[in-house]
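All remarks here apply to the structure that follows.
Readers should treat all values here as calculations from the given coordinates under stated rules, not as data from a laboratory. Remember, predicted model here, so these are calculated numbers, not experimental data. Cβ atoms come from the backbone with ideal geometry, glycine included; neighbour counts cover every protein chain shown.
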Amino acid sequence: MDNFIEPILISLKIASLATILAFVIGTACARLMTRVNIPCKEAIETLLTLPMVLPPTVVGFGLLLLLGRNGPIGKVLAAIFNMQVVFTLWGAVIAAVVVAFPLVYINVRAGLEKVDVNQERAARTLGAGELKVFFTITLPLAWPGLVSGIVLAFTRSLGEFGATLMVAGSIPGQTQTIPMAVYFSVMNGETQEAMPLVTCVIVFSFFLLFWFNWWSRKMISTRR
């Protein structure tokens, strides 16, 4: 039973943390890219969305070079905090954040681009600060893009495999997610043990996307 429950709980924990972090970072980047004129914007956007088209193992290898014991970030974490993230739960979270981030960024950016900037300007002329404008005007109007980014980021994080395997490994009870458990069960010839996990993730993802499609159509019909 533990072989069934533990990967699910670990996957949900990693996906939830990764979605929150990817949403916060992705929303901040989307806001910056849509509202501030900065040089080399196309090059920066290409870098931000690059993990979406790179093989997950390549992303994981890059993270391993950065976060490993001899990597620049890994050395700083070891020297200042006496910690390492490679082959830990946080390593898996970081890998999921990196691969889910482009989905959040693209969807939130699309939502922000549909917001009428004149409404933001009107709020500023009435004395509202930037934070108040963002949370009371921009975010509510861009909400469909935000929701789509959250849903897609969560499902992507839930199914992440390649980058997570490179950075966090597959440690039972610690970093072994559903994809990891399924993969190693099949590799060991234990197909029957993999079937419940496969069924669980397919059903969960189906209903989550089904709800999102229903919600999107409802929002469109309401606007009409």
Inspect all residues belonging to segment 115-138 and state whether any of them is closer than 22 Å to Ala18 by Cβ and either more than 18 Å from the chain's Cα centre (by Cα) or not basic (Lys, Arg) (or both). no
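Quick grid of which residues meet (1) more than 22 Å from the chain's Cα centre (by Cα); (2) surrounded by 15 or more Cβ atoms within 10 Å (Cβ to Cβ); (3) without any contact (Cβ under 8 Å) to a residue 24 or more places away in the chain:
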{"residue": "Glu6", "(1), (2), (3)": "no, yes, no"}
{"residue": "Leu12", "(1), (2), (3)": "no, yes, no"}
{"residue": "Thr19", "(1), (2), (3)": "no, yes, no"}
{"residue": "Ile25", "(1), (2), (3)": "no, yes, no"}
{"residue": "Met33", "(1), (2), (3)": "no, yes, no"}
{"residue": "Pro51", "(1), (2), (3)": "no, yes, no"}
{"residue": "Gly62", "(1), (2), (3)": "no, yes, yes"}
{"residue": "Arg69", "(1), (2), (3)": "yes, no, yes"}
Based on what the data block shows, is Ser157 closer than 20 Å to Pro55 by Cα and not β-branched (Val, Ile, Thr)? yes
Taking segment 124-173 and the residues there that are in contact with a Pro (Cβ under 6 Å, 6 or more places away or on another chain) and assigned to a helix (DSSP H, G or I), the one that is surrounded by the fewest Cβ atoms within 10 Å (Cβ to Cβ) would be Gly162
